[in-house]
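Report on the following structure.
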Amino acid sequence: MDVLATVLAATDATELFGALLFANAFMRRPADREYGLAALFCLAAFMHTSGSLAIEALAGRAASASLLASRIGAVGLLAALPVAVHFALVYSRGTRPNLRWLAPAYGVVAIFAGLEIFYRPRTIAPTVQASQWAERLARTVAPNGVATYVAVFCAATVILVLVAHAYLVGQRGALAVVLGTTVLLAAVINDIGVASGAFSTVYLTDLGLAAFVVGIATTPGARYAAVTQELERRTEELRNRTRELRRSYEDLRTAQEELVKKEQLAVVGELAAVIAHEVRNPLAIIANAGAGLRKHAITREDHDTLLAILDEETSRLNRLVTDLLRYARPVNVQRSHLPLPDLLERALSLASSNKKTVRSELHVEAREGRIWGDANLLRQVFDNLIDNAMQAMGPEGALTVRIRSANEGGADGLAVDIIDTGEGMDTQVRSRALDPFFTTRPSGTGLGLAIVDRIVDAHGGRLGIESRAGEGTTVTVFLPHGLPTDPPPARSRGSRAASDPARLG
């Protein structure tokens, strides 16, 4: 008896520790419902084992106290059954089960627990021979009777089926629960034989419950191991993906370098073809003029005309070479804090003196008219743009230059609008206006706006063109206020053109 009492005390302590362990885990993570159910099961098993321990301690003493302990143990065992099934459902499926299937089990247990506490007779009368069947029935449904252990057997069988299925479908952490349930089922089979008189061994349900508690106590560790294994698998997968991305990046960079080289060669080839075309025409004219001058029968008037043609074409070639060198030369910005209105006023005065029939106006709407920029380069910008506007208007027209405060891309600065009333540009001409060597003027080189665009870009600004055929043109130059040491922005001309709404509009 002393050995049995020691075993029951150890089992009781194990179940109490399991109840505290799972209760703490559930309070930390309320979303894990199986931990709360495991805590309730351990508490019910603790009640049953406590009752068995009390019966052993009170053996041979007050019968009423032994009966009370027996009832407490029976209530604890009955309460553990639906909770254990509920735990198995949540653990095996990973979702909250439908309570419609569990409510009857909880209801039946509550009824039998109430009968056990309040209405079960304290003694069984053995004197009436005719009622031996009633005495046998009473013993069957009494605390620790056969009916109790049959109910435990049914519940353990359901639990074993659920957790075994979970193990077979890949939930490897369920193996310990399967083993604990198997031990509980074997112990219950033994206790059914003891309660019915078929076996002469002792009751082992308490040890079976303890084995089940130990089995479910391994579930947090098994879950942690599964999560760790999944994390390691994902980490290795991510590492492989990273290596693949790195290889793809290297391949992409190699392909991009090759593409850049091919684009550079294509640009050089296109530029060479354009230059050859632009140079061939003046050379052909010069050659024809030279052939004419070599004729003996030539009048003085024709001689002067041919010399004038030579001068004109030579000047055209000189302008072409000058603009080409200016376009190819890197833009080196020497910044100073310059007043932008003064530059525009000078450019307007110079253009108006050459074309006095065009009205010109300068409107300064910005409070702060100074920026950090290169005065010589910006003078080229506005001289070129105002000269283009004058030529687009013919003998009559009005040119308006407006300076206003603006913000673009998070940078504060000044926007200069150059508005003319000339012939305007259609969509095709406007989309190619900044392309090198594109021009609609017979004497132009097609590099003026391209050079302007490079200078504005070197100042960190934007050049936009809004125009419609027959409605005039508005060229907008945005220049940030900047700082003395502002570096030029690294921006490709292709991305700039694609993102410039003024130019695309």
Under Karplus coefficients 6.51, -1.76 and 1.60, residue-wise ³J(HN,Hα) of the stretch 269-286 in Hz, glycine/proline x: x, 5, 5, 4, 5, 5, 4, 4, 5, 5, 7, 5, 5, x, 5, 5, 5, 5
Extension reserve of the Ala291-Ala110 stretch, reckoned as 0.36 nm per residue once the Cα distance is removed: 52.8 nm
Sequence of Leu207, Leu483 once ranked by neighbouring C-beta atoms within 10 Å, starting from the fewest: Leu483, Leu207
Under-5 Å amide H pairs with Gly460, H placed in peptide plane, nonlocal only: none
Chain lengthening between Ser200 and Ala10 when straightened (0.36 nm per residue, less Cα-Cα): 66.0 nm
Hits among aspartates and glutamates - C-alpha to C-alpha of Lys262 under 17 Å, sequence gap 8 or more where chains match: Asp251, Glu270
Neighbourhood charge, 9 Å Cβ-Cβ cut-off, centred on Val416 and excluding it, Lys, Arg +1 and Asp, Glu -1: +1
Residue order, fewest to most surrounding Cβ atoms within 10 angstrom, among Phe41, Phe199: Phe199, Phe41
Theoretical FRET efficiency, 1/(1+(r/R0)^6), r = Cβ-Cβ of Leu20 and Leu252, R0 51 Å, to 0.05: 0.30
FRET efficiency, Ala186 to Val227 (Cβ-Cβ, R0 35 Å, nearest 0.05): 0.65
Pair Leu362, Glu237: separation of 7 Å Cα→Cβ label points (nm): 6.8
Kirkwood hydrodynamic radius of the stretch 225-365, from inverse mean 1/r over distinct Cα pairs, in Å: 23.0
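Each value in this text was obtained by applying a stated rule to the coordinates, not by laboratory testing. Bear in mind the structure is a predicted one, so any value in this text is a computation, not a measurement. Reconstructed Cβ throughout: ideal geometry from the backbone, glycine too, with neighbour counts over all protein chains shown.
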